[in-house]
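Report on the following structure.
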Amino acid sequence: MFAYMLGRMNTQPKTRIGMLVFPMMTSLDILGPFEVLARAPSCHAELVWKDRSPLKGDTGLTIVPDRGFADAPQYDVIVVPGGPGQTALMEDAEVVQFLRQQAAGAELVTSVCTGSLLLAAAGLLQGKKATCHWLSIDQLPIFGVEAVPDRVVVDGDRITGAGVTSGLDFAFTVLAAIRGEEAARALQLMLEYDPAPPFDSGHPRVASADLVEKVRHAADSMIRERRAVSLRVAQGMVAT
């Protein structure tokens, strides 16, 4: 209904939005943006992976891709999520090649959370400003990316969102870029996006030092593994 109502506000040609999914992704990285962009006027959003086999996110949610890489069209907008499964994909030649091919013809190349590290590993953020989940944002410079600790960062045709829940802010930013601020404002109202978090602890700049350290410690092994892969991939990029 929302898409139909908003569609009367815009008569532009349909924009194809390809949203990468993969095993052990953080599902909200894609589900939040999908709910926004799939409702946007004259937009068609779909989930894409190597094949159409069902996969599970990092909390066990089953996701069924709409398309495999082989039959994916050229998308106008590419969205790349993050999550634990992102780390291995930085060394997955098939995924990296797919992203490079799509980026060459896309109007916008975008990411949420640690998806920016996957874009960086594909060489798609070099010399650009970008953001990432706060636990991994310091890995962006490994790939020649200027890390900016904002919730959403826009640098030309690259749009990146910070950790997980920033995917909604990110999605409305993308929507404004492709359909204008009026459409973004209207859909934000229709979806009643008026965040008022119950606790003032959603980012290290407002959380207590003790809490930041506790969360950092809990994620330590995952972050160490991700850093090792980032360094290895970046070194390989320099060598070639």
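Laboratory data are not the source of any read-out in this text; all were calculated from the coordinates shown. Quick caveat, the model's predicted, so the values are computed rather than measured.
Output wanted: per-residue J couplings in Hz (rounded whole) for segment 103-114, from phi through Karplus 6.51 cos²θ - 1.76 cosθ + 1.60, θ = phi - 60°, x for Gly and Pro.
4, 4, x, 7, 7, 9, 10, 9, 7, 10, 6, 7
Please report how far the C-alpha centroid of segment 186-240 lies from that of segment 155-174, rounded to the nearest whole angstrom.
Here the two parts' Cα centres lie 14 Å apart.
So which lysines can Lys214 reach, going by Cα to Cα under 30 Å and dropping same-chain residues fewer than 8 places off?
Lys56, Lys129
Quick one: which residues, 5+ away or cross-chain, put their amide H under 5 Å from the amide H of Ala45? H built at 1.01 Å from N.
The answer is Ile17.
Checking the a/c ratio against 1.5 first, then a/b against b/c, what shape does the Cα gyration tensor give for segment 1-239?
Numbers: a/c = 1.62, a/b = 1.21, b/c = 1.34.
Oblate, since a/c reaches 1.5 and b/c is not below a/b.
Under the classification rounded if a/c is under 1.5, otherwise prolate if a/b is larger than b/c and oblate if not, where does segment 63-112 fall, given a ≥ b ≥ c as square roots of the Cα gyration tensor eigenvalues?
Rounded shape, in that the Cα axes give a/c under 1.5.
Treating cross-link reach as a plain straight distance, find the lysines whose alpha-carbon is under 27 Å from the alpha-carbon of Lys14, omitting any fewer than eight places away in the same chain.
The reachable lysines, counting only those whose Cα sits under 27 Å from Lys14, are Lys50.
So what are the ³J(HN,Hα) numbers for segment 89-102, from phi and the Karplus equation (6.51, -1.76, 1.60; θ = phi - 60°), rounded to whole Hz, Gly and Pro as x?
5, 5, 10, 9, 4, 5, 5, 4, 5, 4, 5, 5, 5, 5
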